[in-house]
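Beneath this line is the structure, given in structure tokens, with notes to follow.
The values are calculated or read from the model by the stated rules, or taken from the named source; none is laboratory data. All of these numbers come straight from a predicted model, not from anything done at the bench. Please note: Cβ atoms are built from the backbone with ideal geometry, for glycine as well, and neighbour counts cover all protein chains shown. With ligands, DNA and RNA removed, areas are computed over all heavy atoms of the protein, side chains included. Shrake-Rupley method; radii C 1.70, N 1.55, O 1.52, S 1.80 Å.
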Amino acid sequence: YKGPANCMKKKDKIFVAGYASDETGDWNIIKGIYDKSGNLIWSEVYDDSGNGYDFSESVVVTNSGDFVLSGTGTGFGTGQDIVTHCNDNIGNRKWSARYTSYVPAREYSNASVMDASGNIYMTGKYYTGAKGNDWDYILLKLNSSGEILWGKTYMGDSTFTSSDEATDIAVDENGNVY
């Protein structure tokens, strides 16, 4: 294991997601469920179809005990995309979602949060390349089934080569996103 991890606790289980490098230098998403004593219940290594750099950056645990991770996956022919997986509390995959803006592009998820209705909000950055090193931030809303409801972007001041990146996100009890 060579990457950072994120974890959340729900009742008697701990949900962990991160990434690790294998012997070929390929980075893969790792996820696991532990009991309250630290015993591994379930784990999975996820290597996206493009066999490139796959990272998990955040974990959210739903009210029903499922866990949702968001990160970046390298898809075959799509470049690096924002990926989201939902697993139940014993590890079964319930759904997956992928966001890619255009090919070839690079999209990265940095943080996620869940609202009271079970919607997942994710934020991060994507590369437009319009003026050299031009990164813009992105905000996505997914419903509890993983369907992308909408996406918003912020492109900063267009007169400069700018990099805009959202690194954290919060939602209040009224559904306002910050």
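Which number in (1) modelled with pLDDT of 85 or more; (2) open to solvent by 20 Å² or more (accessible area, probe 1.4 Å); (3) over 19 Å from Trp27 (Cα atoms); (4) over 13 Å from the mean Cα position of the chain (by Cα) marks the one condition that Met114 misses?
(4)
Taking the stated definitions as given, is Tyr102 surrounded by fewer than 18 Cβ atoms within 10 Å (Cβ to Cβ) and at pLDDT below 90?
Yes: the conditions hold for Tyr102.
Among Gly50, Gly25, Gly65, Gly77, which is the only one that is part of a loop (DSSP other than H, G, I, E, B) and without any contact (Cβ under 8 Å) to a residue 12 or more places away in the chain?
On inspection, the qualifying residue turns out to be Gly25.
Of everything in segment 36-87, what is open to solvent by 30 Å² or more (accessible area, probe 1.4 Å), closer than 18 Å to Tyr108 by Cβ and either at pLDDT 90 or above or touching a His at 6+ places or on another chain (Cβ under 9 Å) (or both)? Give them in sequence order.
The answer is Tyr46, and nothing else.
Restricted to segment 131-164, and to residues that are in a loop (DSSP other than H, G, I, E, B), modelled with pLDDT under 80 and touching a strand residue (DSSP E or B) at 6+ places or on another chain (Cβ under 9 Å), which residue is surrounded by the fewest Cβ atoms within 10 Å (Cβ to Cβ)?
Asn133
Kindly establish whether Ser21 is at pLDDT below 90, touching a Phe, Trp or Tyr at 6+ places or on another chain (Cβ under 6 Å) and of a type in the set (S, T, N, Q).
yes
Select from segment 11-35 the residues that are open to solvent by 40 Å² or more (accessible area, probe 1.4 Å) and aromatic (Phe, Trp, Tyr) and write down the one among them that is nearest to Asp88 (Cα to Cα).
Here the residue is Tyr34.
Restricting segment 168-178 to residues that are under 21 Å from His85 (Cβ atoms) and either open to solvent by 70 Å² or more (accessible area, probe 1.4 Å) or in contact with a Leu (Cβ under 9 Å, 6 or more places away or on another chain) (or both), which is modelled with the highest pLDDT?
Ile169
Could you list, in sequence order, the residues of segment 88-99 that are open to solvent by 10 Å² or more (accessible area, probe 1.4 Å) and either touching a Leu at 6+ places or on another chain (Cβ under 7 Å) or at positive phi (or both)?
Ala97, Tyr99, listed by residue number.
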